[in-house]
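Structure, as structure tokens:
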Amino acid sequence: MLVRATRAVWHRGMPAVVVATMAGAAGLTGAAPATAAQNTTVNCNADPGALQPAINAASPGSTLQVRGTCVGNFTIDKNLTLTGIQGAILDGNQTGSTVTVTSGAQARLVAFTITNGRNFNGSGVLNINGSTSTLDRSTVTDNTSVFTGGGIFNDGTSTLTLTNSTVQRNTATSTGGIDNRGTVRLTRSTVRNNTSSSDSGGIYNGGSLTLTNSTVSGNTATSPGGGGIFNDGTLTMTRTTVRGNTADFGGGIYNRNAATLTLSSVVGNTANGGPGSGGGIFNSGSTVMLDRTLVRNNTPDNCSPENTISGCTN
């Protein structure tokens, strides 16, 4: 699905269907109204494979109310809302991305646990081909990617919004939590305890990433770095905390482009690369703006290289 180009020495680069039905009445002037979108209940307790047929049959704009644990790989290619009832689970059964949103669809997923996906990229949620996905009160957890985006992959043409949601315990070779090439917005959300065996433990950003009232914590990467966030695009953080993340360089944040942190904190992160490895923030030749933001108690230093980030002291 994804072929990653070389980014500098190590990192990446990636490469509405709205169906309107007009019914005409023969011999009458004017047209009959379009069929109204419907609400449908899908009971995966009775049939774990019931969800994809229901998606296929749904009219654009419909809402599917989903109950139980649905097993399979679910593709959404039309405008739909899926709402989980009483702890509904979408289980990828280790056979591909659990949820794929494609073909410019606008998909909203409310109150789900999205888990057990295994794919090359985007094993929990794969948001591609100009699609717009919203996760509300949902958890993306325990998914594994062979390459990148263990939890979520968002391609360069697509937009992803997380509200009151969590991305946790996902793993990948590169970028355990969220790999973003397009536009991602997190509000009151958490990215925690994700793991990468190379860089970008929590979030890789190669596009536009905005975090508001959110937390990035306990994520782990190795070389070159970015335990919490690896920023290769435009990063904006407001009232957001980056804490307890670990990497070789940039335990909290590894920055290679433009980052603005407002009323935020980068605390208690660790870099294992020795002095100058940027326990809090490692700034690789770009700009980090700190506005009423605390960078403190990071190991072995708060910011590196020294004197490259105004307002940060070691």
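The values are calculated or read from the model by the stated rules, or taken from the named source; none is laboratory data. Please read all numbers here as calculations on a predicted model, not as lab measurements. Cβ placement follows ideal geometry from the backbone for every residue including glycine, while neighbour counts extend to all protein chains displayed.
So, in the stretch 181-216, of the ones that are assigned to a loop (DSSP other than H, G, I, E, B) and among the basic types (Lys, Arg), which residue ends up farthest from Leu162 (Cα to Cα)?
Arg181
Set side by side, the residues Ser223, Ser189, Ser217 differ, and just one is of a type in the set (Gly, Ala, Ser) and in contact with a Leu (Cβ under 8 Å, 6 or more places away or on another chain), which is Ser189.
Among residues of the stretch 287-314 being among the hydroxyl-bearing types (Ser, Thr, Tyr) and either in contact with an Asp or Glu (Cβ under 7 Å, 6 or more places away or on another chain) or surrounded by 14 or more Cβ atoms within 10 Å (Cβ to Cβ) (or both), the one that is nearest to Val242 (Cα to Cα) is Thr293. Of all the listed residues (Asp77, Asp91), the sole one being over 19 Å from Gly151 (Cβ atoms) and of a type in the set (Asp, Glu) is Asp77. Assessment of the stretch 246-261 against the conditions (of a type in the set (Ser, Thr, Tyr), more than 27 Å from Ser174 (Cα to Cα) and either modelled with pLDDT of 95 or more or buried (at least 24 other Cβ atoms within 10 Å of the Cβ) (or both)) yields no matching residue.
The residues of the stretch 262-276 that are in a loop (DSSP other than H, G, I, E, B), surrounded by 15 or more Cβ atoms within 10 Å (Cβ to Cβ) and at negative phi, listed by number, are Ser264, Asn269, Asn272, Gly273. Out of Val71, Val66, Val101, one residue alone is farther than 22 Å from Asn164 by Cβ and surrounded by 18 or more Cβ atoms within 10 Å (Cβ to Cβ). It is Val71.
Only residues that are among the hydroxyl-bearing types (Ser, Thr, Tyr), outside any loop (DSSP other than H, G, I, E, B) and in contact with a Lys or Arg (Cβ under 9 Å, 6 or more places away or on another chain) were counted in the stretch 171-180, giving 1.
One line per residue, one yes/no per condition, for (1) crowded, with 24+ Cβ neighbours inside 10 Å; (2) farther than 16 Å from Val216 by Cβ; (3) aliphatic (A, V, I, L, M):
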| residue | (1), (2), (3) |
| --- | --- |
| Gly130 | no, yes, no |
| Thr134 | no, yes, no |
| Val140 | yes, no, yes |
| Ser145 | yes, yes, no |
| Ile152 | yes, no, yes |
| Ser158 | yes, yes, no |
| Arg169 | no, no, no |
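Kindly check whether there is at least one residue in the stretch 230-240 that is touching an Asp or Glu at 6+ places or on another chain (Cβ under 6 Å) and of a type in the set (Phe, Trp, Tyr). Yes: one or more hits. Listed by first and then second residue, the pairs with beta-carbon distance under 7 Å, at least 6 apart or on different chains, first residue in the stretch 217-236 and surrounded by fewer than 24 Cβ atoms within 10 Å (Cβ to Cβ), second modelled with pLDDT under 95, are Thr222/Ser197; Thr222/Ser198; Ser223/Ser198; Ser223/Asp199; Pro224/Trp10; Pro224/Asp199. Looking at Gly227, Gly279, just one residue is under 20 Å from Arg169 (Cα atoms) and assigned to a loop (DSSP other than H, G, I, E, B), and that residue is Gly227.
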